[in-house]
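> Mind looking over this structure? Questions follow.
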Amino acid sequence: MLDTKTAPQEPALRIHNLHKSFGNKHVHRGVSFDLKQGEILGLFGGSGTGKSVVLRSIIGLESPDEGEIIFDNMNLAELTEKELFEVRTKISYVFQNGALFDSLTVEENLAYPLKAHAHLTKVEISEKVNHMLELIDMKGSNKLLPNELSGGMQKRAGLARAIILEPKIVLFDEPTAGLDPVNTERLLNNILSFKRRGMTGIFVTHDIPAAFKICDRIAILHEGKINLILTPEEMKNSENPLVRSFTTGAHIR
Ligand SMILES: Nc1ncnc2c1ncn2[C@@H]1O[C@H](COP(=O)(O)OP(=O)(O)OP(=O)(O)O)[C@@H](O)[C@H]1O
Ligand SMILES: [Mg+2]
């Protein structure tokens, strides 16, 4: 049997030398990093540095001009749309506003991926949806429509829908943007409880306290490359001017 203590663990995802230009704008100039199994990796960078493009490239919504995205021994950058469909059950993307279907109730929204991808009975689907609603503190919200939910509930429901197929990796694009402190705390606690159940994630954010709370490591995207990867502790103690621009909030001023 494989000794998990000594066997070197494969990263959950390996990004190698991504390049991407839009017209004459060279956004990624050799982005490389590993996402370890079970970690939440924060991704910091000024506005327009290409953080969302990194996430979108991972699930195939953008195709890199060069480079590799290795997941499960496949290069995601080379897959067809059909192959990507399968990958998106294993890597999911939490959109900024939750991206719920407006005309579907909360339970229909959550059931949607299960109906599309899992072979479950109606009863099993309903059990899974109810269990998920409990985990995100939304027990009993089954019949509500998205426009009847608060912003925080919409985001938590979006998170629940993204996670209901138990993907290996979850990509978060500014999940706490626009949330008040109470709802931010709730969402972060939800994410942490999914992490304890084995979720691996990338967390793009400008919310430094949120990242410090939930990330194992934080990568900084700067001038088209991952400039540094540090733990929150290392980042807090760093004198590096680029790091300081984030920890002091100067990068968004
Ligand atoms: N589909 C596209 N077509 C043309 N340009 C694009 C496209 N997607 C992104 N860009 C450009 O690429 C750059 C990086 O965009 P991206 O959305 O990844 O930035 P970001 O780091 O997520 O910024 P923010 O923090 O503001 O969300 C921007 O200059 C953006 O205008
Ligand atoms: Mg973005």
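The values are calculated or read from the model by the stated rules, or taken from the named source; none is laboratory data. No experiment lies behind these values; they were computed from the predicted model shown. Cβ placement follows ideal geometry from the backbone for every residue including glycine, while neighbour counts extend to all protein chains displayed. Just the protein is used for accessible areas: all its heavy atoms, side chains included, with ligands, DNA and RNA removed. Shrake-Rupley method; radii C 1.70, N 1.55, O 1.52, S 1.80 Å.
> Cβ contacts < 8 Å: first residue modelled with pLDDT of 95 or more and in a strand (DSSP E or B), restricted to region 29-49; second residue within 16 Å of ligand 1 (Cβ to nearest atom) and among the acidic types (Asp, Glu), any location; separation 6+ or different chain. Result?
Taking only residues 6 or more apart or on different chains, the pairs are ARG29/GLU223.
> Give me the residue from region 201-253 that is aliphatic (A, V, I, L, M) and open to solvent by 40 Å² or more (accessible area, probe 1.4 Å) and, out of that set, nearest to VAL182 (Cα to Cα).
Keep residues of region 201-253 that are aliphatic (A, V, I, L, M), which gives 202, 204, 208, 210-211, 214, 218-221, 226, 228-230, 235, 242-243, 250, 252.
The next check asks that each one be open to solvent by 40 Å² or more (accessible area, probe 1.4 Å); those that pass are 228-229, 250, 252.
On the way: LEU228: 31, ILE229: 29, ALA250: 25, ILE252: 23 Å.
Here the answer is ILE252.
> Go through ALA219, ALA211 for me and flag whichever is in a helix (DSSP H, G or I), at pLDDT 95 or above and in contact with a Phe, Trp or Tyr (Cβ under 8 Å, 6 or more places away or on another chain).
Working: ALA219 fails: in a helix (DSSP H, G or I).
Criteria check complete, one pass: ALA211.
> Follow-up question, since we're still on this one. Against the conditions (1) in contact (Cβ under 8 Å) with a residue 12 or more places away in the chain; (2) under 24 Å from GLU134 (Cβ atoms), where does ILE70 fall short? Just the number, please.
(2)
> Oh, and also: Among the residues of region 196-208, what is the count of those that are outside any strand (DSSP E or B), of a type outside the set (Val, Ile, Thr) and touching a residue at least 24 places away in the same chain (Cβ under 8 Å)?
Applying the first criterion (outside any strand (DSSP E or B)) to region 196-208 yields 196-199, 205-208.
Adding the requirement that they be of a type outside the set (Val, Ile, Thr) leaves 196-199, 206-207.
Still in the running and touching a residue at least 24 places away in the same chain (Cβ under 8 Å): 198-199, 206-207.
The qualifying residues number 4.
> What pairs come out if I take residues in region 169-195 that are free of Cβ contacts under 8 Å to residues at least 60 places away in the same chain and pair them with residues that are open to solvent by 30 Å² or more (accessible area, probe 1.4 Å) and within 16 Å of ligand 1 (Cβ to nearest atom) whose C-beta lies under 6 Å away, six or more apart or interchain?
Taking only residues 6 or more apart or on different chains, the pairs are THR176/ASP207.
> Next question, about the same structure. Considering only region 16-38, I want to know if a residue exists there that is open to solvent by 30 Å² or more (accessible area, probe 1.4 Å), of a type in the set (Ser, Thr, Tyr) and either within 16 Å of ligand 2 (Cβ to nearest atom) or out of contact with any helix residue (DSSP H, G or I) (no Cβ under 7 Å at 6 or more places or on another chain) (or both).
Yes: one or more hits.
> To continue, here is another question. So, GLY46, is that one near ligand 1 (Cβ under 9 Å from one of its atoms) and small (Gly, Ala, Ser) or not?
On the way: near ligand 1 (Cβ under 9 Å from one of its atoms): yes; small (Gly, Ala, Ser): yes.
Yes; evaluated as a whole, the condition is true for this residue.
> Do we have GLU174 as on the phi > 0 side of the Ramachandran plot, buried (at least 16 other Cβ atoms within 10 Å of the Cβ) and within 16 Å of ligand 1 (Cβ to nearest atom) here? Steps first, please.
Working: on the phi > 0 side of the Ramachandran plot: yes; buried (at least 16 other Cβ atoms within 10 Å of the Cβ): yes; within 16 Å of ligand 1 (Cβ to nearest atom): yes.
Taking the combined requirement at face value, the residue satisfies it.
> While we're here: Could you grab me the full set of residues in region 171-201 that are under 20 Å from GLY152 (Cα atoms) and aliphatic (A, V, I, L, M)?
Selection gives LEU171, ALA177, LEU179, VAL182, LEU187, LEU188, ILE191, LEU192.
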